């Protein structure tokens, strides 16, 4: 990690292929492999996972798709030290986002890291600090920021299409079945459990703490408000055109199921901006729709309410309703694709060397995910909290402020000095 950015990063010419390392080869990692192998101007040259079987499958998949064999690594630090890697793409569990990004920036790599930007507030601030200090491009996987119809919808809100926007509401009604209860057991062959847990506390291996279900454990995930929900939270903040609020209140619970999940499957959060409000709702159990958003088993989207009407936005397009009778005046079709446009935006910024070219620069992603962390802290403490957006702390509340960070397990410590 002693390499400087200048030493470890090649100067790319306009026609050079950007050499990309993908770290984390689970379900979202598969999508990353598909995106990069299908995108011109880059090459997947390195792959990394703590699961040897997943790594071997990924190497074979990339070779079949591209005709080139990527190097395989079991430790992400070896990818960062590979002088032939220009950028890393990291669909990792939430608790790894900050430390991996900081390490990558220190090694001179540009970074695409999946949402949510960070596992807690402190980490997000350190990610911004590292990106700026080492002059790295750090793109958060908030793909809505590169989706044409959502960009268009947000522009209309800015132009006053529905008048003064006073309320934004994000919906994450995503069906989640019970994960059940599973006993602790031996670590599967080929899995490095220590590296998987990384900054999180050491726990006995449990299948419900591993593939995907880590989302529902506080050590490694942030619940669905920080999983699917951060996409809609980001759009809600974007459309409301606000930074951070001064008050949050979040309630809910894990209802119906008796299983290993720790995070809520039903949650409501409200954020007070003084002259406007942002609301967010999670429902993982059977539910109906809201605001005319289509119900396709899930209801995922955002609603904006203004002095002259309201707007609904989701992955399929947006609709505008005006006047006392709620007449539909716009119905624009769009499509959330696989995120390829977001990856292309990232690669373009890697060439331009201007982080302002990123549609979801790390600072944008961190500001949005602070809302998630504020909501979860309020939920866990079971009370309304007051927040100082300048100091990035809760007001006169030591208990809440303690939850802005976490104890780290050596040697996987998110450093105070990046």
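Between a residue in the range 226-240 that is assigned by TED's automatic domain parsing to the domain that holds residue 117 and any residue that is in a helix (DSSP H, G or I), which pairs come within a Cβ distance under 7 Å, given they are 6 or more apart or on different chains?
Correct list of pairs: empty, since none qualify.
Could you tell me which numbered condition residue 390 fails, if it satisfies all but one of (1) under 30 Å from residue 105 (Cα atoms); (2) in contact (Cβ under 8 Å) with a residue 12 or more places away in the chain?
(2)
Scan the range 275-283 and give yes if some residue there is under 25 Å from the mean Cα position of the chain (by Cα), within 19 Å of residue 226 (Cα to Cα), without any contact (Cβ under 8 Å) to a residue 60 or more places away in the chain and assigned by TED's automatic domain parsing to the domain that holds residue 238, otherwise no.
no
For the range 272-320, how many residues meet the condition of being on the phi > 0 side of the Ramachandran plot, modelled with pLDDT of 95 or more and in a loop (DSSP other than H, G, I, E, B)?
Here the count works out to 1.
Would you pick out the residues in the range 257-271 that are assigned to a loop (DSSP other than H, G, I, E, B) and out of contact with any helix residue (DSSP H, G or I) (no Cβ under 7 Å at 6 or more places or on another chain)? Break it down stepwise before answering.
So in the range 257-271, the residues assigned to a loop (DSSP other than H, G, I, E, B) come out as 257-265.
Of everything in the range 257-271, those that are assigned to a loop (DSSP other than H, G, I, E, B) and out of contact with any helix residue (DSSP H, G or I) (no Cβ under 7 Å at 6 or more places or on another chain) turn out to be 257, 258, 259, 265.
Somewhere in the range 331-348, is a residue without any contact (Cβ under 8 Å) to a residue 60 or more places away in the chain and over 25 Å from the mean Cα position of the chain (by Cα)?
Yes, the range 331-348 contains at least one residue that is without any contact (Cβ under 8 Å) to a residue 60 or more places away in the chain and over 25 Å from the mean Cα position of the chain (by Cα).
Being outside the structural domain of residue 117 (by TED's automatic domain parsing), surrounded by fewer than 19 Cβ atoms within 10 Å (Cβ to Cβ) and either in contact with a strand residue (DSSP E or B) (Cβ under 9 Å, 6 or more places away or on another chain) or farther than 19 Å from residue 115 by Cα (or both) narrows it down to one of 260, 243, so name that one. Spell out the reasoning first.
Numbers: 243 fails: either in contact with a strand residue (DSSP E or B) (Cβ under 9 Å, 6 or more places away or on another chain) or farther than 19 Å from residue 115 by Cα (or both).
After ruling out the rest, the residue left standing is 260.
Look at the range 215-249 and say how many of its residues are within 23 Å of residue 315 (Cα to Cα) and assigned to a helix (DSSP H, G or I).
First pass over the range 215-249, keeping only residues within 23 Å of residue 315 (Cα to Cα): 215, 222-242.
Narrowing further to those that are assigned to a helix (DSSP H, G or I): 215, 224-226, 229-240.
Qualifying residue count, the range 215-249: 16.
Scanning for something more than 18 Å from residue 114 (Cβ to Cβ) and not assigned by TED's automatic domain parsing to the domain that holds residue 268, does the range 312-328 turn up at least one residue?
First, the residues of the range 312-328 that are more than 18 Å from residue 114 (Cβ to Cβ): 312-314, 316-328.
Next cut, not assigned by TED's automatic domain parsing to the domain that holds residue 268 only: none.
No, the range 312-328 contains no residue that is more than 18 Å from residue 114 (Cβ to Cβ) and not assigned by TED's automatic domain parsing to the domain that holds residue 268.
Anything in the range 190-208 that is without any contact (Cβ under 8 Å) to a residue 60 or more places away in the chain and either buried (at least 23 other Cβ atoms within 10 Å of the Cβ) or in a loop (DSSP other than H, G, I, E, B) (or both)? List them, or say none.
203, 204, 205, 206 - these are the residues of the range 190-208 that are without any contact (Cβ under 8 Å) to a residue 60 or more places away in the chain and either buried (at least 23 other Cβ atoms within 10 Å of the Cβ) or in a loop (DSSP other than H, G, I, E, B) (or both).
Test residue 349 against the stated conditions and say whether it is within 27 Å of residue 86 (Cα to Cα) and touching a strand residue (DSSP E or B) at 6+ places or on another chain (Cβ under 8 Å). Don't jump to the end; show me each part of the working.
Numbers: within 27 Å of residue 86 (Cα to Cα): yes; touching a strand residue (DSSP E or B) at 6+ places or on another chain (Cβ under 8 Å): yes.
For residue 349, the condition - within 27 Å of residue 86 (Cα to Cα) and touching a strand residue (DSSP E or B) at 6+ places or on another chain (Cβ under 8 Å) - is met.
Does the range 263-284 hold any residues that are surrounded by 19 or more Cβ atoms within 10 Å (Cβ to Cβ) and within 29 Å of residue 182 (Cα to Cα), and which are they?
Within the range 263-284, 263, 264, 265, 267, 281, 282, 283, 284 qualify.
For the range 50-160, which helices (runs of 4 or more DSSP H) that fit wholly inside it have 3 or more residues that are assigned by TED's automatic domain parsing to the domain that holds residue 211 and either within 28 Å of residue 222 (Cα to Cα) or in contact with a helix residue (DSSP H, G or I) (Cβ under 7 Å, 6 or more places away or on another chain) (or both)?
Values: elements: 52-66, 76-80, 97-106, 121-133, 148-158.
Counting at least 3 such residues, we get 148-158.
Limited to the range 1-38, what total is found for residues that are modelled with pLDDT under 50 and not in a loop (DSSP other than H, G, I, E, B)?
Of the residues in the range 1-38, 4 are modelled with pLDDT under 50 and not in a loop (DSSP other than H, G, I, E, B).
Conditions first: (1) within 30 Å of residue 401 (Cα to Cα); (2) assigned to a loop (DSSP other than H, G, I, E, B); (3) in contact with a helix residue (DSSP H, G or I) (Cβ under 7 Å, 6 or more places away or on another chain). Residue 252 passes all but one, so which condition is the exception?
If we test residue 252 against (1) within 30 Å of residue 401 (Cα to Cα); (2) assigned to a loop (DSSP other than H, G, I, E, B); (3) in contact with a helix residue (DSSP H, G or I) (Cβ under 7 Å, 6 or more places away or on another chain), just (2) comes out false.
The values are calculated or read from the model by the stated rules, or taken from the named source; none is laboratory data. Just so it is clear, the structure is predicted and the values come from calculations on it, not from any experiment. We place every Cβ from the backbone using ideal geometry, glycine too, and count neighbours over all the protein chains shown.
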